[in-house]
Amino acid sequence: MKRIVRLVVASVALTLAACTTGQLNVTPPLQFTPVSAKLQMSVGTVNFAGAAVGLNVFETDRAPSGFTAIPDNTATLTGPGGFAGPAGSADPGSGSASVPIGSAINAFPLASGSTIFAAADGTGIGPPGSSSNAVSAFPVQPQFRDAVAGAATAFSAARAIYGGPPAYPTPSGSTGYPEGFYLIALSGAPPTGVYTLTVSFSQNGNPGAQAASATLGSNATLATLSAPTYTGDGAGGGSGSITVPAGVTEVLIDITDRVSGARATAVVHGAGVQGYVIPNSLGFATGDAIRIQAFGFDYNDFELGPPNNLSQTPSLPAQADVTVAAQVNTTQ
């Protein structure tokens, strides 16, 4: 469901355009008041397959309905002394202590003349609210992958990350569901201290801004997450297992058919060897190239996002640490 991914206030009709995000290149005429939107954030460390480190930004910006409050916005992250975007990247904020959230590949102009890269969403950094170009529906990540060599150990390329069945319902008219986390690759351990996310917007010609802060109390990372196994069953699905290290509460396993584009997401809980099953109904074609990647959390990431949680202010973890397994490329 498209509105799960991006909220438009129920009383407002939004005309759809022929673009990836399905919205017009105009600011939607929302009847927005600052008190109706609640922005909150948690930050944590990222372990990129034992080869690089970074910062996870987990935020929610929701209306009372529990969906995204402001579809068009720009989000900028600042941090304590020593925090800066790695130099030499094409992504915004490279070499700067003030980092616009998003990747250069997602940049496009708004009708207002400003440029948007990503947006503070109902759960995590999400797709910009409008686009005149065929951009990825979700911002690609990790940000600054092109400037942090070790991040390539986990990701063969930066890409959009969103969930599918069986963990999430089958989407209708959209790419999928946000998984909440947003990964920023850094040249070294993220400094401890207070991080602030400032969200700027303009609705009906009226500019505004919100801000939320979170503290990174420790820059120790979670243990490195081993890549999951997977075996196709020849009937459209498959099964596998993953060994979850101590300290990791939950793991999301994303599987993508790189020929058809079909996606699947499995979720497992607890440490030790955990099995998972991808149902045949997803229709992965035998012989197709598939990509598998697992993300481990020290919090219940899946349970905080839609459609599981539509509280306007869900209880975010004090620190949101993530460990990313190296990407696996195989065949169905």
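Each value in this text was obtained by applying a stated rule to the coordinates, not by laboratory testing. If you're wondering where the values come from, they're calculated on a predicted model, not measured in any experiment. Heads up, the Cβs are rebuilt from the backbone with ideal geometry, glycines too, and the neighbour counts pull from every protein chain shown.
The table that follows gives values for the structure above.
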{"quantity": "Simple spin-label estimate for N329 and A220 in nanometres, 7 Å along Cα-Cβ", "calculated": "3.6"}
{"quantity": "Gap separating the Cα centres of the stretch 164-214 and the stretch 220-279, nearest whole Å", "calculated": "23"}
{"quantity": "Linear extension gain, S98 paired with T243, 0.36 nm per residue minus alpha-carbon span", "calculated": "48.5 nm"}
{"quantity": "Ascending count of other beta-carbon atoms within 10 Å, so fewest first, for D301, D61", "calculated": "D301, D61"}
{"quantity": "Separation of the A209 and V194 label points, Cα + 7 Å toward Cβ, nm", "calculated": "1.5"}
{"quantity": "Distant-in-sequence amide H partners of A227 (H built 1.01 Å from N, under 5 Å)", "calculated": "A326"}
{"quantity": "In range of the label at S36: residues from the stretch 44-80 whose backbone nitrogen is under 15 Å from the point 7 Å along Cα→Cβ", "calculated": "62-72"}
